[in-house]
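Accompanying notes for the structure given below.
Nothing in this text is a laboratory measurement; each read-out follows from the coordinates by a stated rule. None of the values given here were measured: they were computed from a predicted structure. Ideal geometry is used to build each Cβ from the backbone, glycine not excepted, and the neighbour counts take in all protein chains shown.
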Amino acid sequence: MAGKVRFGIIGTGAIAVLHAEAIMALENAELVAVYDKVTERCRAFAEKYHVRAVDDFDAFLSDKTIDAVTIATPTGFHGEVAIPAARAGKHVLCEKPLDVTLEKADAIIQECEKHGVVLSAVFQSRFAKNIQLLKKTVDEGRFGKIVLVSTQVKWFRSQEYYDSATWRGTWALDGGGALMNQSIHTIDLLLYINGDPDEVFAYTGTLTHDRIEVEDNACAVVKYKNGSLGVVEASTSCAPGFPRRIEISGSNGTAVVEDDLIVRWQFVDEQPEDEEIRLKGAVSEGMKGGSGDPMSGVSHEGHRRQLADMVDAILAHKDPLLSGREGRRAVQLICGIYESARTGKPVKF
Ligand SMILES: NC(=O)c1ccc[n+]([C@@H]2O[C@H](COP(=O)([O-])OP(=O)(O)OC[C@H]3O[C@@H](n4cnc5c(N)ncnc54)[C@H](O)[C@@H]3O)[C@@H](O)[C@H]2O)c1
């Protein structure tokens with residue numbers, strides 16, 4: 001490895017493009033090979049990025065020139081490839097969500113821990129500067145007692161999007177809909193910033209898409225362990241799609257973030273730096289979510305920052321910011337929301 005981590009990508013579909021660009025943008029990382037179970041797709045991707053296409057998964061895993069893998073297969077196959085990769089001694093960067101159930105996510109975490117490989121669960125939005133600032137400000141206690149922490153993810157996905165691959169919109173391979181696929185990024189941010197949930201009650205519905213199994217709308221009320229309350233609104237029916245919104249209010253102040261922008265930053269004890277935070281916070285870093293289209297306007301910058309953190313963790317033998325256990329938190333809350341909607345009862349964590 002000697003100062004550089006050599007990567008292979010598993011699954012060469014839509015998001016794999018950002019993986020390749022992010023790896024290639026790092027000085028201490030190198031993309032060496034790719035594997036996809038559809039050979040022609042794998043070869044075309046390899047040709048585009050001038051790397052090796054490996055047609056056989058066992059050969060890919062036993063390739064000693066690959067130190068780490070990134071996983072970009074449909075969600076329900078993450079464990080199927082992550083677990084053999086960990087057993088082969090490869091470090092693992094796994095796309096969101098870790099897998100479609102908590103049990104399957106735990107199996108990945110356990111296997112990576114057992115084999116001493118780094119596992120990093122992708123939630124690239126955590127690496128946005130305004131999110132880091134919000135997290136730090138909450139941790140410093142500037143908001144006073146946190147009372148309400150809510151999010152609106154009024155996104156849009158067409159029926160054509162769901163029809164574009166057989167796994168989309170299925171319980172077995174997508175694990176859920178507006179929550180498990182799209183809003184999970186924002187739910188991760190709520191948990192990262194405000195801590196774990198205590199209890200949730202929720203309704204979900206499939207309101208505008210005919211040919212999906214999963215929910216396209218959800219509304220949940222959450223009680224957090226720190227005593228604060230909040231609402232999660234999640235949708236893939238709200239055309240044309242709007243920036244995701246996070247609102248945090250405490251006894252001493254309120255902040256509102258839309259995509260990667262700070263749109264409200266107000267405290268009872270206004271400080272000299274607050275005006276500068278508002279001005280700088282209104283400038284995008286280009287780390288938007290895909291509100292109307294999964295890939296439009298989405299840059300590789302978030303993945304680059306997450307991969308940089310993972311490479312540092314591998315080289316320095318430490319935990320990444322987004323370990324598997326961190327990645328598990330949003331899956332746990334979303335599974336609780338689904339259980340509440342199914343049973344009509346609150347779910348305690
Ligand atoms: N972080 C983000 O913002 C973000 C954005 C989009 C997708 N994702 C996640 O990335 C994953 C992939 O999504 P996508 O939109 O790129 O899907 P996609 O359908 O475009 O691509 C999936 C690829 O995996 C291949 N594949 C399927 N099973 C495989 C297996 N067992 N082994 C090897 N290859 C296999 C398919 O042939 C296909 O090329 C999902 O888990 C999704 O949730 C994350």
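Through the Karplus equation 6.51 cos²θ - 1.76 cosθ + 1.60, θ set to phi - 60°, convert the phi angles of the stretch 250-267 into ³J(HN,Hα) values in whole Hz; use x for Gly and Pro.
x, 5, 10, x, 9, 10, 10, 10, 10, 6, 9, 10, 8, 10, 8, 8, 9, 10
Using the structure shown, select from Lys280/Lys318; Lys135/Lys318; Lys135/Lys345; Lys136/Lys318; Lys136/Lys280 the pairs with a Cα to Cα distance greater than 25 angstrom. Each step should come with its number before you reach the end.
Details: Lys280/Lys318 32 Å; Lys135/Lys318 21 Å; Lys135/Lys345 31 Å; Lys136/Lys318 21 Å; Lys136/Lys280 16 Å.
Cα-Cα > 25 Å for Lys280/Lys318; Lys135/Lys345; rest within.
When a/c is below 1.5 the answer is rounded, else prolate if a/b is larger than b/c, else oblate, so apply that to the stretch 212-277 with a ≥ b ≥ c taken from the square roots of the Cα gyration tensor eigenvalues.
It is oblate, given that a/c is not under 1.5 and a/b is not larger than b/c.
Applying the Karplus parametrisation 6.51 cos²θ - 1.76 cosθ + 1.60 with θ = phi - 60° to the phi angles of the stretch 155-171, what ³J(HN,Hα) value in whole Hz is obtained for each residue in order, glycine and proline being reported as x?
For the stretch 155-171, the Karplus curve yields 9, 9, 10, 6, 4, 4, 4, 5, 7, 6, 8, 5, 7, 5, x, 10, 5 Hz.
With labels modelled as points extended 7 Å from the Cα through the Cβ direction, what inter-label distance (nm, one decimal) is found for Ile277 paired with Asp139?
1.5
Mind ordering 106-114, 213-221, 94-102 by average Cβ neighbours within 10 Å, highest first?
With the highest mean Cβ count within 10 Å placed first, the list reads 94-102, 213-221, 106-114.
Tell me the label-point distance for the pair Asp58, Glu160, using the 7 Å Cα-to-Cβ offset, in nm and rounded to one decimal.
4.3
Nearest 5 percent is fine: what portion of the DSSP beta bridges confined to the chain is antiparallel?
60
Rounded if a/c is under 1.5, else prolate if a/b beats b/c, else oblate: with a ≥ b ≥ c from the C-alpha gyration tensor eigenvalues square-rooted, which is the stretch 203-317?
It comes out oblate by the Cα gyration axes.
Thr206: net charge of surrounding residues, Cβ under 14 Å, Lys/Arg +1, Asp/Glu -1, itself excluded?
Once all neighbours under 14 Å are counted, the net charge is -1.
Can you work out ³J(HN,Hα) from phi for every residue in the stretch 198-206, in order, using Karplus 6.51 cos²θ - 1.76 cosθ + 1.60 and θ = phi - 60°, giving whole Hz and x for Gly and Pro?
9, 8, 9, 10, 8, 10, 9, x, 10
In whole Å, what is the distance between the alpha-carbon centres of the stretch 294-321 and the stretch 230-282?
Result: 24 Å between the Cα centres.
Please say if the stretch 1-131 is rounded, prolate or oblate, where rounded means a/c under 1.5 for a ≥ b ≥ c the square roots of the C-alpha gyration tensor eigenvalues, and otherwise the choice is prolate for a/b larger than b/c and oblate otherwise?
The shape class here is rounded.
Under a point spin-label approximation (7 Å from Cα along Cα-to-Cβ), what is the Ala239-Thr343 distance to one decimal in nm?
Calculated label separation equals 3.8 nm.
To test your reading of the geometry: what angle, between 0 and 90 degrees and rounded to tens, separates the Cα axis of helix 129-139 from the longest principal axis of the chain?
Value to nearest ten degrees: 60.
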